[in-house]
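Worksheet: the structure to be examined is printed underneath.
Just so it is clear, none of the values below were taken in a lab; they were calculated from the coordinates. Please read these numbers as outputs of a predicted model, since none were measured by experiment. Cβ: placed from backbone, ideal geometry, glycine included. Neighbour counts: every protein chain shown.
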Amino acid sequence: MKIAALIVAAGKGIRAGGTLPKQYQLINGKPVLTRTVKAFSEHAQIDMIQTVIGIGHEAAFADAVRGMELLPPVLGGETRQASVFAGLKALQEHGPDIVLIHDAARPLVPGKIITRVITALDKSPCALPVLPVADTIKVVTGDEVTSTLDRSIMWAAQTPQGFRFEEILAAHRQAAVSGLSSFTDDASIAEWAGLVVKTVAGAPENRKLTLQSDIKEAERAMAAQQVRGLTDIRTGNGYDVHAFEPGDSVTLCGIEIPHEKKLKGHSDADVAMHTLTDAILGALSEGDIGKHFPPSDAQWKGAPSEIFLKQAMQLVENRGGMVSHCDITLVCEEPKIGPFVEAMRENLDAIMGIGVSRISVKATTSEKLGFTGRGEGIAALATATVRLPEVD
Ligand code: MG
C-alpha cells in the first residue's frame, strides 16, 4: 500500500508577526515547515511527501527543506481548498492508495497520530483526529448571546486527515465542479460528498500555530519534551593554554582573527575549542582531549579543532544526553576578542546545534600579569553543563 502525505503550506498567514507566513517562522531555530515535513519523513509508513506552497515563497521553501527527499512542490490556489486540490492532482501520477492531508502550521504532530489515522483507514474511507472542546461555546449575534451549544457533542478537528486517495480526489473534483470553494478542511468535503468520516484521538500538542504566542508556547513545549528524563545534571570544566609563535592569525572557537602572532600547537591550536571539549568530556567523566586525540598521533597534525568538539558532542548523544549550556572565558591582552564574540558563538552553535543562547563566550585580560599579561600566550577556561538520563 502506498501512503502519501500532502502538506498544505500555501497560507499567507502573518498573524504570528514578521513578513513571512507562519510556516516559515523559526521555532527553536528551525522553520515550522521543516519540523512538520520531518514528522512525516521520519514516519516509517509514509512513502512520499507532496507539499503545496505559496507563490513567492519558493526560496524560503527551498531553505526549509534542504536535503529532504520530497516530491517537487506545487503552487497553491486562492483558497485552502484549491491548494489541497492542486496537491491531490499532482499526487495522482504517483498512484498513492492513501493520502494524509496536513496543515504545515501543525509541526508538533506526534507520530502516533499519523499511525492512528492510517490504521483507521482500514475500516473507513476517511479518518479525522479530534479533541474534545474545553470551553463552553456560545452563539453570538452582534454582542449578544443567542444560545449555548451542547459541548458534549462537539469536537475540534485536527490534521492529518486521512483519506482513501481516489475517494477524496473525486470529492474535491465534485466540489470544484459544483462551484463550492470555501471548505476549511477536507473532512467537510468528504462529509459533503457523503463519505463516512471516522474519528480518532488527536493530541493537544498537535495544535495549529497561529499567533506569535502559539510559537512561543510550542517552543516551551518542545524544550520541556527535550529535557524530559534528562535529570542527571553534570558540570565539567576545562582549562588550556597555548603559547604564541611568529605568525599572522589565531583561530579561536573556529574563527580566524588577524594578529601578529599565531598559537603554537599540534592541531590548529584553537585553545578555546580545546577547553570547551575538555569541559564536555569532564562532565561525562570521559578523560580529556589528549586521551581521545593523542598529540602523538600524526593524523591530528594541523587538524581543525571542530573534529574534537564534534566527537565530544557525539559522546553526549551516545549517552542520550544534551549539552544545555557552556561558558568560555579567554584570557589574553591581545588580540581583542570582543568584536569576534558573536561570530564565535554562532560558529560553536553550527557545530553543537544547541542554540546560540546556550553558548557564552567572553574574554578578560590578566592586567599585564603573568604569562598572558606578558603576551606569551592565551589561556582559556570553560564550563559545560550536560544533562543525561538517570541511569539505575
Ligand atoms: Mg590545547
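Of note:
- The range 21-104 shape via C-alpha gyration tensor axes, a/c threshold 1.5: oblate
- Debye, to nearest 20: dipole size of the chain, +1 on Lys, Arg Cβ, -1 on Asp, Glu Cβ: 740
- Label-point gap, in nm, between residue 131 and residue 28 - each point 7 angstrom along Cα→Cβ: 1.8
- Interatomic Cα distance distribution for the chain, bins of 20 angstrom, percent: 23, 41, 26, 9, 0
- Where Rh is the Kirkwood radius over Cα pairs, Rg/Rh for the range 228-296: 1.10
- Using alpha-carbon coordinates, inclination of helix 32-41 to the longest axis of the chain, degrees: 80
- P(r) of the range 277-373 over all Cα-Cα pairs, binned every 10 Å from zero, in whole percent: 14, 38, 37, 11, 0
- Overall form of the range 7-161 per C-alpha gyration tensor (a/c, 1.5; a/b vs b/c): oblate
- Coil-residue trypsin sites (Lys or Arg not before Pro) of the range 120-183, DSSP, other Cβ within 10 Å capped at 14: 123
- Tail weight of P(r) past 19 Å, computed on alpha-carbon pairs of the range 123-234, percent: 65
- Toward the positive end of the charge dipole of the range 166-225, with +1 on the Cβ of Lys and Arg and -1 on the Cβ of Asp and Glu, the farthest Cα among 192, 179, 218 is that of 218.
- Using a cutoff of 8 angstrom between alpha carbon atoms and counting only pairs six or more residues apart, the relative contact order for the chain works out to 15 percent.
- Helix axis angle, 306-318 relative to the chain longest principal axis, alpha carbon, degrees: 50
- Prolate/oblate/rounded label for the range 200-344 (Cα gyration tensor, a/c 1.5): prolate
- Helix axis angle, 341-352 relative to the chain longest principal axis, alpha carbon, degrees: 60
- Partners of residue 301 within straight-line reach, counting aspartates and glutamates whose Cα lies under 20 Å from its Cα and excluding those fewer than 8 residues away in the same chain: 240, 245, 248, 256, 268, 270, 278, 288.
- For the cross-link pairs 30/208; 38/362; 30/262, the ones whose C-alpha atoms lie over 28 Å apart are 38/362; 30/262.
- Cα centroid of the range 283-333 to Cα centroid of the range 339-376, whole Å: 16
- Packing order of peptides 229-238, 340-349, 273-282, highest average first: 273-282, 340-349, 229-238 (average count of other Cβ atoms within 10 Å over each peptide's residues).
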